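Only one structure is covered here, and it is reproduced in the block below.
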Amino acid sequence: MMADETDKTNDGETAAAGATPGNGKSPQLSILTQYVKDLSFESPGAPLTLRQRDKAPAINININVNANPMSETDYDVVLTLNATAKDDDKVLFNVELIYGGVFRVDGFPKEHTLPVVFIECPRMLFPFARQIVAECTRNGGFPPLMIDPVDFARMFQQRMAEEQARQKVETTN
């Protein structure tokens, strides 16, 4: 016997299998807009620091994700990327990008909204931010900095663990 691939929702409409039964809507995640909020590139020793090197510079990369609700379904998600390249103690370049997107997150169960906002939304923004950083460093006279893919799920889990630990400390004080 074949399984039926559709369900009847509360209002009688037919929904695809896998739709969220709680609210009768199919989960939807869409990007409404993307934007550069801030972009800064500094090469304090140029042009002397643009010469060929015997060894690769030390590069430190920090990535942070923040989100703010704009309405019941819309969220402003912001990626902050900082990258600094040093040769010994000399800064070769420093690039900072604050890149955001407004997302519509609708039809997801309430307990899935935070993971969608902090994992899936930055995952969708990251390739664009990565390209901006690469072009910025290339335009600054350096080889393009291609940031490795980021595990936003792990970042989210670490953030949640830190938040739980902080709440535990606050409740015991």
- Selection within the range 51-92 - under 17 Å from Ala134 (Cβ atoms) and touching a residue at least 24 places away in the same chain (Cβ under 8 Å): Pro57, Ile59, Asn60, Ile61, Ile63, Leu79, Leu81, Ala83, Thr84, Ala85, Leu92
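Listed here are the residues, each with its yes/no results for (1) assigned to a strand (DSSP E or B); (2) within 14 Å of the chain's Cα centre (by Cα); (3) among the acidic types (Asp, Glu).
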| site | (1), (2), (3) |
| --- | --- |
| Asn94 | yes, no, no |
| Glu111 | no, no, yes |
| Phe126 | no, yes, no |
| Arg138 | no, no, no |
| Pro143 | no, no, no |
| Arg159 | no, yes, no |
| Glu163 | no, no, yes |
| Lys168 | no, no, no |
- Note on the structure: Of the residues in the range 1-54, those that are in a loop (DSSP other than H, G, I, E, B), at pLDDT 55 or above and not acidic (Asp, Glu) come to Gly24, Lys25, Ser26, Pro27, Ser43, Pro44, Gly45, Ala46, Pro47, Arg51, Gln52, Arg53
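Only one of Phe152, Phe108, Phe93 is within 30 Å of Pro47 (Cβ to Cβ) and surrounded by 15 or more Cβ atoms within 10 Å (Cβ to Cβ). Can you tell me which? Explain how you work it out, then say what you get.
On the way: Phe152 fails: within 30 Å of Pro47 (Cβ to Cβ); Phe108 fails: within 30 Å of Pro47 (Cβ to Cβ).
The conditions single out Phe93.
Any idea which of Ala134, Ala129, Ala165 is of a type in the set (A, V, I, L, M, F, W, C) and loosely packed, with under 12 Cβ neighbours inside 10 Å?
On the way: Ala134 fails: loosely packed, with under 12 Cβ neighbours inside 10 Å; Ala129 fails: loosely packed, with under 12 Cβ neighbours inside 10 Å.
Exactly one of Ala134, Ala129, Ala165 is of a type in the set (A, V, I, L, M, F, W, C) and loosely packed, with under 12 Cβ neighbours inside 10 Å, namely Ala165.
The values are calculated or read from the model by the stated rules, or taken from the named source; none is laboratory data. None of the values given here were measured: they were computed from a predicted structure. For neighbour counting, all protein chains shown are included, and Cβ atoms are generated from backbone atoms with ideal geometry for every residue, glycine included.
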